[in-house]
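Each value in this text was obtained by applying a stated rule to the coordinates, not by laboratory testing. Just so you know, these numbers come straight off a predicted model, no measurement behind them. Every residue, glycine as well, gets a Cβ built from its backbone with ideal geometry; the counts of neighbours run over all protein chains shown.
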Amino acid sequence: MLSNYFPLDAKSVSRLATKGLPLENLKSQIDDSIDFSLELWRSQGLDIIKSKGYYYFSTKFIPMNEAEFCIVDIETNGSKIDKHQIIEIAGLKIKNGKIIDSYESLVKCAEINKHITAITGISAKDTLDASPLKDVLYKFKLFLGDAVFIAHDVKFDYKFISQSMQKIGLEPLLNRSLCSLALAERTVESYRYALSYLNDTFRLNPNANHHRAMSDVMTTYGLIKLSLENINENINNVEDLIKFSKEGKRLKRPKFDPLLISK
């Protein structure tokens, strides 16, 4: 995901997360000065530091209990960024398993079709007094900071928010990201991994209102806590967790749906 917005190649990104990137490799891929690039990336949510002559993602050195994660969910009035927009956004910042901050907002939208309203319960009328997209995203960017971006099937939310920021004149996101769905596949045995199904199975959020942003964020928070409790791997820092979520062995799914069997 980072490669969509970041000037360094995939091999260099991998080295930033693992054994470090030499200065010459970094300089060969950027047009501006090192200091300017590092500051620009930091403003986009990505902190890169120098240690013993090599460059690393700062998350390589942040222990799990000291890391800030931001669980995010959006509702949109369609899936195409050129035609549609965010109509609701929510974020929950957590550290050492505890909630430390939250943000949520509807977004003013002139048109929301009946299908989207049926799914989310949000109509254009509901957003009349909401702030415009530009104001909401400025506030969200400040709220997010350099926290690790978490979402269920993270690619959609991350990409849609990042491209929305570009539409209003901001730089795209570069925050490190973690997919709660991918992590769940490696830590929680389930017949399916849709957020609503996982909630029905594990009672992650007893007050869930599926397809509303903060409700889905709270459900994902419950899932993240469950996933972290089930990890048997040696996870020392944030980059270890990100790597495990992508490369760890997926759990075997049951052959039959236990929810149907129980009925």
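General observations
- Fewest-first ranking of Leu228, Leu241, Leu46, using other Cβ atoms within 10 Å as the exposure measure: Leu228, Leu46, Leu241
- Global size of segment 101-142: 11.3, 33 Å for Rg and Dmax (C-alpha atoms, Rg to one decimal, Dmax whole).
- Partners for Lys95 among lysines (Cα-Cα distance below 16 Å; same-chain residues under 8 apart left out): Lys225
- Considered as an equivalent ellipsoid built on the Cα gyration tensor, segment 199-240 has semi-axes of 25, 12, 6 Å, the largest given first.
- A helix-only calculation puts the chain at -11500 deg cm²/dmol for mean residue ellipticity at 222 nm, using -39500 (n - 2.57) for each DSSP H run of at least four residues, averaged over all residues.
- For segment 55-97 and segment 136-208, distance of Cα centres in Å: 5
- Using R0 = 45 Å, the C-beta based FRET efficiency linking Asn236 and Asp135 works out to 0.70.
- Per the Debye formula on identical point scatterers at the alpha carbon atoms of segment 1-94, with no solvent, log10 I(q)/I(0) at q = 0.12 Å⁻¹ is -0.52.
- 15 Å Cα-Cα reach of Lys93 towards aspartates and glutamates, excluding residues that sit fewer than 8 places from it in its own chain: Glu66, Glu68, Asp73, Asp101, Glu104, Asp146, Asp216
- Rounded to the nearest 20, the Cβ-based charge dipole of segment 35-126 about its Cα centre (Lys and Arg +1, Asp and Glu -1) stands at 200 debye.
- Measuring between alpha carbons in the structure, the pairs from Lys83/Lys114; Lys80/Lys159; Lys83/Lys159; Lys98/Lys134 lying more than 21 angstrom apart are Lys98/Lys134.
- Neighbour-count ranking [beta-carbon atoms within 10 angstrom, fewest first] of Phe36, Phe57, Phe143: Phe36, Phe143, Phe57
- Residue-normalised convex hull volume from the C-alpha trace of the chain: 140 Å³ per residue.
- The relative contact order of the chain comes to 20 percent, based on Cα pairs under 8 Å that sit 6 or more residues apart.
- When each of Ser190, Ser245 is scored by the number of other beta-carbon atoms lying within 10 Å, the sequence from fewest to most is Ser190, Ser245.
- Relative to the Cα centre, the charge distribution of segment 54-193, modelled as +1 at Lys and Arg Cβ and -1 at Asp and Glu Cβ, gives a dipole magnitude of about 240 debye.
- The charge dipole of segment 140-200, taken about the Cα centre with unit charges on the Cβ atoms of Lys, Arg (+1) and Asp, Glu (-1), comes to about 200 debye, rounded to the nearest 20.
- Candidates Ser164, Ser33, Ser180: whichever shows maximal mean-square fluctuation once the chain is modelled as a Gaussian network with Cα springs under 10 Å: Ser33
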